[in-house]
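What follows is a set of notes on a single structure, which appears directly below.
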Amino acid sequence: MRVLVTNDDGVDAVGIQKMAIALARDERFDVVVVAPHRDQSGAGASLGPSWHAGVDTHRVELPDDPAIEAWALDGSPAMCVLAANLGGFGPRPDLVISGINAGLNTGRAVLHSGTVGAAFTAQNLRMSAIAVSLQSGDPWQWDTATALTLVAIGMILDGPPRSVLNLNVPDRAHSDVLGIRWARLAPFGEVRMALRDDAPGEHSDTTSRRLATEMQLAQVDFDPDTDTGLVRAGYATLTTLVGVAEAWPTDADDGAEIALPEIGESIAPGVPLHAAHRIPDASARGILHRPKTVAEPEITG
């Protein structure tokens, strides 16, 4: 099985190198690394402004395993996936593993994650993918993340085509992880962006302003069934994600699906929208989801 390993921290990041080596040691996988040549954190699923003009790539050597084929690409994680899908680095991948990201990608903030964006791109291109992120720690528990990724790969291979799993791993030794749990997205991630006022009272210029930002630990308690809440409690979490899909609303009373309009039906000025075109409640749970495919695995030491 051809496995593409990418990330958004850059090809020189420790996380992607640990992941590539762990996968390459498994005889089931033919591994190729294609990752940004520099940090692309926060790129989401962007292809970048220069995608249409051609993308520069060059071979690199992973310090701990030079035998693994590895490429640095001057572009985003999504561009790495797209280029590999087009055959730019040999046979088209069967599976995409994005990570290990240095820091969690939990909650609805995954929208902005380049790690998750690469997985969404793979899904859009008819491939399954796993986005892997590790909670910050000292030391970093890379081996825990690689071990749990191998568990998740078995699950995604048994699942439906074009599945995406978001795996978040706590800062714990493998034997100390309490288990793997399915989790819903928290309202936001473990950290939140905030404006930093470095020069209070000095904003007299009304035509321009520099906004200084910083990431702050979210000082809130998360619901115990959310990804952020469960990782804080010591569990690894899995969340099934869908990147681009139509969201048809359901009847709030009995859950029955609303009939779609007939093809060719038009709306005249002043005529109410057909019920099928109501905007669904974004906070409602279960409108779009993938089924749980296997039982929750147990963690062994």
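The values are calculated or read from the model by the stated rules, or taken from the named source; none is laboratory data. A quick note: this is a predicted structure, and the numbers were derived from the prediction, not measured. Note that we place each Cβ from the backbone using ideal geometry, even for glycine, and neighbour counts take in every protein chain shown.
Things to note:
- Answer residue from segment 178-202, given it is among the aliphatic types (A, V, I, L, M) and modelled with pLDDT of 90 or more and is nearest to Thr239 (Cα to Cα) among those: Ala183
- Of the residues examined, Ala122 is one that is in a helix (DSSP H, G or I), in contact with a Pro (Cβ under 9 Å, 6 or more places away or on another chain) and within 30 Å of Arg184 (Cα to Cα).
- The residues on offer are Asp64, Asp56, Asp39, and the sole one that is of a type outside the set (Gly, Ala, Ser), within 30 Å of Arg184 (Cα to Cα) and in contact (Cβ under 8 Å) with a residue 12 or more places away in the chain is Asp39.
- For segment 203-240, filtered to residues that are touching a strand residue (DSSP E or B) at 6+ places or on another chain (Cβ under 7 Å), modelled with pLDDT under 90 and in a loop (DSSP other than H, G, I, E, B), the residue that is surrounded by the most Cβ atoms within 10 Å (Cβ to Cβ) is Ala218.
- Meets criteria (surrounded by fewer than 24 Cβ atoms within 10 Å (Cβ to Cβ) and of a type outside the set (Asp, Glu)) for Leu134: no
- Where Gln135 falls short, out of the listed (1) touching an Asp or Glu at 6+ places or on another chain (Cβ under 6 Å); (2) closer than 26 Å to Leu47 by Cβ; (3) among the polar types (S, T, N, Q): (2)
- In this structure, Gly103 qualifies as on the phi > 0 side of the Ramachandran plot, in contact with a strand residue (DSSP E or B) (Cβ under 9 Å, 6 or more places away or on another chain) and crowded, with 19+ Cβ neighbours inside 10 Å.
- Output for segment 110-127, where each listed residue is within 30 Å of Gly229 (Cα to Cα) and either in contact with a strand residue (DSSP E or B) (Cβ under 7 Å, 6 or more places away or on another chain) or surrounded by fewer than 22 Cβ atoms within 10 Å (Cβ to Cβ) (or both): Val110, Leu111, His112, Thr115, Val116, Ala118, Ala119, Phe120, Ala122, Gln123, Asn124, Met127
- Among (1) in contact (Cβ under 8 Å) with a residue 40 or more places away in the chain; (2) surrounded by fewer than 16 Cβ atoms within 10 Å (Cβ to Cβ); (3) closer than 25 Å to Asn168 by Cα - the single one Gly90 does not satisfy: (3)
- Among the residues of segment 139-177, the ones that are assigned to a loop (DSSP other than H, G, I, E, B) and at pLDDT 95 or above come to 8 in all.
- Residue selected from segment 51-70 under the condition of a type in the set (Val, Ile, Thr) and part of a strand (DSSP E or B), by the criterion farthest from Gly15 (Cα to Cα): Thr57
- Close pairs (8 angstrom Cβ cut-off, 6 or more residues apart or separate chains): on the phi > 0 side of the Ramachandran plot and surrounded by 11 or more Cβ atoms within 10 Å (Cβ to Cβ) in segment 182-202, modelled with pLDDT under 65 and of a type in the set (Phe, Trp, Tyr) anywhere: none
- Qualifying residues in segment 137-166 (those that are hydrophobic (A, V, I, L, M, F, W, C) and under 18 Å from Thr6 (Cβ atoms)) - the one surrounded by the fewest Cβ atoms within 10 Å (Cβ to Cβ): Leu150
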